[in-house]
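One structure is given here, and the rest of the page talks about it.
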Amino acid sequence: MTSLISKSIIKTLCDHQGCLDFKRLDETIAQSFTVAEPVLRSVLFDDGKIAIHAGRERVTGGQILSPDSLVVAKTNLRICQKKAGECQQCDGLHLCKFYVCGDCTFGQKCKNPHSLASPYNAMILKRYSLHDLTEKQLFQLLLQNDPYLLPEICTHYNKGNGEYGSCVFTTKCTKLHVCQHYFQGDCKFGPSCKRPHNIDAQGMKNFRGFSQENIRNLHVTYRNKLIITGQRAIAVPAPLEVRIPPQQPSQQASQKPSHQARKHPSHSNPGSPTSSACPPKPMSDADRNEICLYFIRRHCSFKEKCVRVHWHLPYRWQVLDSDGVTWKDLLDMEDIEKAYCDPGRDTNSMTQPSPTSGFLSFLGFQSSVSLDMEAVDFTTMKYRGFPVRRLSTASSVSKPPHYILTTQWLWYWKDENEKWVEFGQGDTPASITSETLENVYLADRDTDIPFSAGKQQYVLRFKGQPGTQQMYQENLKYKTQREVRRRPRFVSAHDVKTERYLIFCYRHRFYIVPCYSDTAVLEISFPQVTSPVRGLTVCLLCSAPSQSSSSSTAESVPPHWDKNALPDFGYKLVPLSKSVTDFSMIKKLFRRTMPQSKINSIQRIQNPSLWKVFQWQREQMKKRNGGKLVDERYLFHGTDESLIEAICEQNFDWRMCGVHGTAYGKGSYFARDASYSDRYARAKGSLTKIMFVALVLVGEYTRGSSSFVRPPSKDNNRTLYDSCVDSQSNPSIFVVFEKQQIYPEYLIKYS
């Protein structure tokens, strides 16, 4: 029954341009079936076939979704991209691309297949349970799902200033130079937008082979695509205007499309999905404003797909342009940062305004000296009246100790002499330190923190007085209040560029620490420091030979790893022979639910850096667990072949590797059964698939929810669960929110 309902829903959606609001879909299905709520829920929440964009209207009792939620048809089926005759056997349809798009000019003479009835295509359609679709229904489904068919919108064109934004290809760019917000339905500038809302003659070259009907419906197809791929999409924009040059009379009709798209209400909260389907992936401030550590250190394997900011410094100062959309880099960025790192500075101006004495300054009373309008005001975060933001790398307390170029935040309070004193420092140190405050601040900004300094008792409040943004501490006895500031430790561009480190030795093993930080300690990872003899390093402090880095690295990895394949950076793939123990273990786990599949190879991923992070996380969880061992399991994860290298080097990032579902939370999904992960394992142009086997610290878990961005707290206290699951009594799906809890250890190639 579930399969029948699922097929009926897909057919219905494809008959309506690939999507329908839930109310109309429910009414349409009810005309043919009486569907029980659990059955309908299981079909709609099948994230392999359905994507859902949460609506604005309220979900009333008994309803699965809000009436205006948009339900979009989804599939993993793709068109084979190889030329006719080159592909013997793959997992895609052997079909002419332009035939699918609606206008193959070669017709009967085309070298590529135009038939779905061939034995091979019939087999593929049967495998994907799409054999009951009509040709038109199938082609609509493929258009909004297969990236090979629909031209991409240039994201670089939509960033930066100038005629071509930040696109370096300018007129030679093969992607669409149009306003992406218009396609998403949320362009607030309308006709005054500086980016075009139509496709010009140059852009129309990308749509060669598209039928007139498909061109008229581009606005709906692109909106559907954005929902499926998890990007932010709101309302359906007005029908797209297409500019066609006069020498193409066959396409003139598309200038004034007669088809009017069905309107949907705007969605005020597109980042709050209500289903397990692939909803728009929410981008928190931490995601949008966090600078990628991998990009600074060396390179980021996710490249343009990375959700974090690629910048050469661990900070970036920007001001909002007058258009209200574009952020522009400020000049003299390092000078601004240096001033900001000084807790006594309110601006980066050399003519600092005279301080207003006492708490009056804290309450916002202006000094007699006006602020320099050409300076960045750190108290209001404005420059020339426009908002300013500071992008940053992750806080040092949120990462393992050996992560370098994280941001070390320091916390200060102002004493009775108007001097800023760091918490835990000074003549009368407080009972809390900057590190403690930073941890609490990141975990819960609504909390108040009691502490003592000498004989006095205080409480620190992260939320300031009404009308102010300043944090403050209050003396519980005298009720006096003093401002509290959170400022980073300064890192110069030279420090980052030259990567200067302080090297020291402990027990004949070298350690390295960045010269600008006294907390981010990293065991040295290159083969020698001063000795010309490779593999032997002389300890400068104790004048005794020390172990080489390769030896110390070998000590910190599992004993069954190949000690000859331990890179200083990155990873190496080690093929496993069928005789080794871990090959047999992984084979047994895989075959338990995939007995008919043939294992072609199993490779071990040896990444010492990721393993150290994983070990550190294991110890942290063990300490929180009172010394008890942490529950860790080998679990499966299927993903796109194009992401394998990035995962092996940088670990899983759910925003890139987990686009298929958020039913139990917005994190990385792992399965107990290989058969479940098989649904998401995809390899281009081949029947061979690739699946990860990861060692995961699942710890203490609870049932998840689609709204979770982290595990919930235990019994309403500050301690959080470690992961979320589909069933607490018999879990088969695990959701992990911190990638330090994951080590991607094996790759299985199978067919």
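The values are calculated or read from the model by the stated rules, or taken from the named source; none is laboratory data. Remember, it's a predicted structure, so these values are computed and weren't measured experimentally. Every residue, glycine among them, receives a Cβ derived from its backbone with ideal geometry; neighbour counts consider all protein chains shown.
For the stretch 665-681, the criterion of being touching a Pro at 6+ places or on another chain (Cβ under 8 Å), modelled with pLDDT under 90 and either assigned to a loop (DSSP other than H, G, I, E, B) or farther than 28 Å from Pro608 by Cβ (or both) is met by at least one residue. Filter the stretch 464-487 for residues that are under 21 Å from Asp446 (Cβ atoms) and exposed (fewer than 15 other Cβ atoms within 10 Å of the Cβ); which is modelled with the lowest pLDDT? Across the stretch 464-487, the extreme among qualifying residues is Gly467.
Identify, by number, the condition in (1) surrounded by fewer than 16 Cβ atoms within 10 Å (Cβ to Cβ); (2) assigned to a loop (DSSP other than H, G, I, E, B); (3) not polar (S, T, N, Q) that Val35 doesn't meet. With (1) surrounded by fewer than 16 Cβ atoms within 10 Å (Cβ to Cβ); (2) assigned to a loop (DSSP other than H, G, I, E, B); (3) not polar (S, T, N, Q) applied to Val35, the lone miss is (1).
Just give me the residues in the stretch 713-733 being under 25 Å from Thr447 (Cβ atoms) and either without any contact (Cβ under 8 Å) to a residue 12 or more places away in the chain or among the hydrophobic types (A, V, I, L, M, F, W, C) (or both), in sequence order. Ser713, Asp715, Asn716, Asn717, Leu720, Cys724, listed by residue number. Might you check whether a residue that is at pLDDT 80 or above, among the small types (Gly, Ala, Ser) and either within 30 Å of Asn76 (Cα to Cα) or outside any loop (DSSP other than H, G, I, E, B) (or both) occurs anywhere in the stretch 243-252? Checking the stretch 243-252: not a single residue is at pLDDT 80 or above, among the small types (Gly, Ala, Ser) and either within 30 Å of Asn76 (Cα to Cα) or outside any loop (DSSP other than H, G, I, E, B) (or both). The set of residues in the stretch 395-436 that are in contact with a Pro (Cβ under 6 Å, 6 or more places away or on another chain) and among the hydroxyl-bearing types (Ser, Thr, Tyr) comprises Thr407, Tyr412.
Here's the yes/no breakdown for (1) more than 28 Å from Trp616 (Cα to Cα); (2) among the acidic types (Asp, Glu); (3) in a helix (DSSP H, G or I):
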residue	(1), (2), (3)
Asp568	no, yes, no
Ser577	yes, no, no
Asp582	no, yes, yes
Lys587	yes, no, yes
Ser597	yes, no, no
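Anything in the stretch 3-14 that is under 33 Å from the mean Cα position of the chain (by Cα) and surrounded by fewer than 16 Cβ atoms within 10 Å (Cβ to Cβ)? List them, or say none. Across the stretch 3-14, the qualifying residue is only Ser3.
Would you check which residues across the stretch 295-345 are assigned to a helix (DSSP H, G or I) and in contact with a Cys (Cβ under 9 Å, 6 or more places away or on another chain) and list them?
Correct list: Phe295 only.
Give me the residue from the stretch 569-590 that is touching a strand residue (DSSP E or B) at 6+ places or on another chain (Cβ under 8 Å) and of a type in the set (D, E, K, R) and, out of that set, nearest to Leu687 (Cα to Cα). It comes out as Lys587. In the set (1) at pLDDT below 85; (2) within 20 Å of Lys49 (Cβ to Cβ), His131 fails one condition alone, (1). Among all positions in the stretch 600-615, there is at least one residue which is touching a Cys at 6+ places or on another chain (Cβ under 6 Å), within 23 Å of Ala681 (Cα to Cα) and buried (at least 21 other Cβ atoms within 10 Å of the Cβ). For the stretch 73-169, the helices (runs of 4 or more DSSP H) that sit wholly inside it and include 1 or more residues that are surrounded by fewer than 20 Cβ atoms within 10 Å (Cβ to Cβ) and in contact with a Phe, Trp or Tyr (Cβ under 8 Å, 6 or more places away or on another chain) are 97-101. In the set (1) in contact with a helix residue (DSSP H, G or I) (Cβ under 9 Å, 6 or more places away or on another chain); (2) closer than 23 Å to Pro712 by Cα, Glu422 fails one condition alone, (2).
Determine which member of the set Ser677, Ser751 is in contact with a Leu (Cβ under 6 Å, 6 or more places away or on another chain) and either farther than 20 Å from Val630 by Cβ or not polar (S, T, N, Q) (or both).
Ser751
Based on what the data block shows, is Ser706 surrounded by 20 or more Cβ atoms within 10 Å (Cβ to Cβ), touching a Ser or Thr at 6+ places or on another chain (Cβ under 9 Å) and either over 30 Å from Glu86 (Cβ atoms) or at pLDDT below 85 (or both)?
Against the criterion (surrounded by 20 or more Cβ atoms within 10 Å (Cβ to Cβ), touching a Ser or Thr at 6+ places or on another chain (Cβ under 9 Å) and either over 30 Å from Glu86 (Cβ atoms) or at pLDDT below 85 (or both)), Ser706 qualifies.
Put simply, of Asp444, Asp415, Asp448, Asp427 the only residue that is under 22 Å from Asp346 (Cα atoms) and either among the acidic types (Asp, Glu) or in contact (Cβ under 8 Å) with a residue 12 or more places away in the chain (or both) is Asp415.
Within the stretch 292-325, the set of residues being aliphatic (A, V, I, L, M), surrounded by fewer than 18 Cβ atoms within 10 Å (Cβ to Cβ) and closer than 21 Å to Asp377 by Cα comprises Leu320, Val325. Among the residues of the stretch 184-204, those identified as modelled with pLDDT of 85 or more, within 19 Å of Lys225 (Cα to Cα) and hydrophobic (A, V, I, L, M, F, W, C) are Ile199, Met204. Once the stretch 15-42 is narrowed to residues that are modelled with pLDDT of 85 or more and among the β-branched types (Val, Ile, Thr), the residue that is farthest from Ala681 (Cα to Cα) is Thr28. Number of residues in the stretch 427-457 that are surrounded by 14 or more Cβ atoms within 10 Å (Cβ to Cβ), part of a loop (DSSP other than H, G, I, E, B) and not hydrophobic (A, V, I, L, M, F, W, C): the value is 3.
The set of residues from the stretch 170-208 being within 26 Å of Phe98 (Cα to Cα) and part of a loop (DSSP other than H, G, I, E, B) comprises Cys173, Thr174, Lys175, His177, Val178, Cys179, His197, Asp200, Arg208.
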